[in-house]
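Everything on this sheet refers to the single structure shown next.
The values are calculated or read from the model by the stated rules, or taken from the named source; none is laboratory data. All values derive from a computational prediction rather than experimental measurement. All Cβ positions, glycine included, derive from the backbone under ideal geometry; neighbour counts span all protein chains shown.
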Amino acid sequence: MTEQALQEESPEQGVSIGAVARATGIGIETLRMWERRYGAPQSIRLPSGHRRYPETEIERLRLAAEAMRQGFRAREVAAASAGALQAMVLAGRRRYRPGDVASPSDQREEPTEIDAWLEATRQFDDEGLTSQLRHDWSRLGPMRFVAERVAPFLERVGQDWREGELAISHEHFASERVGDFLASQWRRLNESGRTPPVLVASLPGDQHRLGLQMCSLMAALGERKVLYVGPQTPPPEIVRMTTAHSPAAICLSVSITQDRAEVSRALGQLRLEIPSHVPIVVGGSGAPGGLDGVLCMTNLSEFHDWIQRLE
Ligand code: B12
């Protein structure tokens, strides 16, 4: 594979990013991101702007990929010398040798599953990620799927993005795929849901929609119909929808990125304009607590139980 990939290149110009990606299994996007974040692998630019890498980088990057498979992080491997990577790979093998009394996968099952989701994300492997989602959904059931897989996975995606291990395109890929999966599950249940529905939305400025999907899933599992309005809904529109559709509750998700004072103000105003018999529930890591007439619930199973009791 490498030899064939290398033959496509003229040696004096070095190796193209596509050939390096094919030879090492490290994606093109990742190679670019490593160069930006860690200064390696270093490329030279052709007059056309295309990157070219020295052939010696192939072997070093193969070792880097192997070290990552063994649990080392991008920041540890991206700029490490071939010798250092060799040592990491050997140390890694010793650490994870099959048959060890307490290998990491014996201690906790969860991280290996989440690592598989992350690996599929790194490779932009849509089918791979989808089949992991389906498999874990049917094995764990919806509540555990969300609590033990989706939530920690998103946490890792956010953390790896912040640390430069994943590109923004990975984050988008993962959140779109997981969001669509959750939506397909609750929408299947929605037809038989009880009315009046619960209205699910977020406030303007908040682009995060996975909290809305989780919340919709919990409501649908609680046999309640969902009226999904989605992210960035202007408060006057929420008021108008309430008048038009008389929902059983208004459920809002607020991500940690939102300004707490502003959200509190918007919620206070909504509470004044929405009839007091319609509960307003707010959740998500940016949800402000302690507001009059606004229920703050970040725990999804508590929310699920509450929905079931809702008249
Ligand atoms: C995916 C993602 C995005 C995607 C969203 C795409 C989409 N379709 O949703 C995109 C790329 C748009 C994005 C953008 C940004 N993001 Co972002 N994002 C994330 C990521 C990876 C997942 C978010 C998520 O959905 N989490 C799951 C939510 C639902 O978890 P939660 O809020 O804790 O809620 C839990 C419960 O409270 C409950 N819940 C949620 N809602 C509700 C509602 C009700 C009623 C109830 C009962 C319960 C409930 O469900 C959850 C269960 O675990 C997080 C990482 C993380 N740790 O969350 C970063 C993260 C939230 N993002 C972050 C940042 C910085 C941003 C940007 C500012 C980046 C930028 N510079 O542009 C922008 C902001 C855009 C905006 N104005 O909204 C930071 C926030 C850091 C901080 N402390 O402020 C995080 C934490 C990443 C990080 N580690 O740094 N992001």
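Pick from LEU295, LEU267, LEU300: which is among the aliphatic types (A, V, I, L, M) and under 22 Å from the mean Cα position of the chain (by Cα)? Outline the logic, then answer.
Details: LEU295 fails: under 22 Å from the mean Cα position of the chain (by Cα); LEU267 fails: under 22 Å from the mean Cα position of the chain (by Cα).
Testing whether each residue is among the aliphatic types (A, V, I, L, M) and under 22 Å from the mean Cα position of the chain (by Cα) leaves just LEU300.
Scan the stretch 172-183 and give yes if some residue there is over 30 Å from TRP34 (Cα atoms) and not hydrophobic (A, V, I, L, M, F, W, C), otherwise no.
No, the stretch 172-183 contains no residue that is over 30 Å from TRP34 (Cα atoms) and not hydrophobic (A, V, I, L, M, F, W, C).
Among the residues of the stretch 41-81, write down those that are out of contact with any helix residue (DSSP H, G or I) (no Cβ under 6 Å at 6 or more places or on another chain), closer than 17 Å to GLU119 by Cβ, in a loop (DSSP other than H, G, I, E, B) and not charged (D, E, K, R).
GLY71, the sole residue that qualifies.
Report yes if GLU176 is out of contact with any helix residue (DSSP H, G or I) (no Cβ under 7 Å at 6 or more places or on another chain), modelled with pLDDT of 95 or more and either buried (at least 16 other Cβ atoms within 10 Å of the Cβ) or closer than 21 Å to LEU212 by Cβ (or both), otherwise no. Quick ask: steps written out before the conclusion?
On the way: out of contact with any helix residue (DSSP H, G or I) (no Cβ under 7 Å at 6 or more places or on another chain): yes; modelled with pLDDT of 95 or more: yes; either buried (at least 16 other Cβ atoms within 10 Å of the Cβ) or closer than 21 Å to LEU212 by Cβ (or both): yes.
So GLU176 fits the description; yes.
Looking at (1) closer than 25 Å to ALA151 by Cα; (2) surrounded by 13 or more Cβ atoms within 10 Å (Cβ to Cβ); (3) within 14 Å of the ligand (Cβ to nearest atom); (4) modelled with pLDDT of 95 or more, find the lone condition where LYS225 falls short.
(3)
Can you find even one residue in the stretch 230-247 that is near the ligand (Cβ under 9 Å from one of its atoms) and of a type in the set (S, T, N, Q)?
Taking the stretch 230-247 first, the residues near the ligand (Cβ under 9 Å from one of its atoms) are 231-232.
With of a type in the set (S, T, N, Q) added as a condition, the list becomes 232.
The answer is yes; a qualifying residue exists.
Would you check which residues across the stretch 38-77 are over 21 Å from the mean Cα position of the chain (by Cα) and under 19 Å from GLN123 (Cβ atoms) and list them?
Let us first name the residues in the stretch 38-77 that are over 21 Å from the mean Cα position of the chain (by Cα), namely 38-67, 70, 76-77.
Scanning the stretch 38-77 gives PRO41, ILE58, LEU61, ARG62, LEU63, ALA64, ALA65, GLU66, ALA67, GLN70, VAL77.
Just one of LEU212, LEU189, LEU217 is near the ligand (Cβ under 9 Å from one of its atoms) and part of a helix (DSSP H, G or I); which is it? Spell out how you get there, then give the answer.
Working: LEU189 fails: near the ligand (Cβ under 9 Å from one of its atoms); LEU217 fails: near the ligand (Cβ under 9 Å from one of its atoms).
Unique residue meeting the criteria: LEU212.
Of the residues ALA40, ALA21, which is out of contact with any Cys (no Cβ under 8 Å at 6 or more places or on another chain) and modelled with pLDDT of 90 or more?
On the way: ALA21 fails: modelled with pLDDT of 90 or more.
Answer to the check: ALA40.
Is it true that ASP292 is of a type in the set (D, E, K, R), more than 10 Å from the ligand (Cβ to nearest atom) and either in contact with a strand residue (DSSP E or B) (Cβ under 6 Å, 6 or more places away or on another chain) or farther than 27 Å from GLU148 by Cβ (or both)? Working first, answer last.
Details: of a type in the set (D, E, K, R): yes; more than 10 Å from the ligand (Cβ to nearest atom): yes; either in contact with a strand residue (DSSP E or B) (Cβ under 6 Å, 6 or more places away or on another chain) or farther than 27 Å from GLU148 by Cβ (or both): yes.
Criteria met by ASP292.
Among the numbered conditions (1) within 11 Å of the ligand (Cβ to nearest atom); (2) β-branched (Val, Ile, Thr); (3) assigned to a loop (DSSP other than H, G, I, E, B), tell me where VAL278 comes up short.
Only one criterion is unmet by VAL278, namely (1).
At pLDDT below 95, part of a helix (DSSP H, G or I), within 18 Å of LEU166 (Cα to Cα) and not hydroxyl-bearing (Ser, Thr, Tyr), is that true of ALA87? Show your work before the answer.
Details: at pLDDT below 95: yes; part of a helix (DSSP H, G or I): yes; within 18 Å of LEU166 (Cα to Cα): no; not hydroxyl-bearing (Ser, Thr, Tyr): yes.
Criteria not met by ALA87.
Out of the stretch 47-72, which residues are farther than 21 Å from GLU165 by Cβ and of a type in the set (Gly, Ala, Ser)?
Keep residues of the stretch 47-72 that are farther than 21 Å from GLU165 by Cβ, which gives 47-50, 52, 54-56, 58-59.
Result: SER48, GLY49.
Kindly provide the set of residues from the stretch 251-275 that are within 11 Å of the ligand (Cβ to nearest atom) and either of a type in the set (S, T, N, Q) or part of a loop (DSSP other than H, G, I, E, B) (or both), ordered by number.
SER253, VAL254, SER255, ILE256, THR257, GLN258, ASP259
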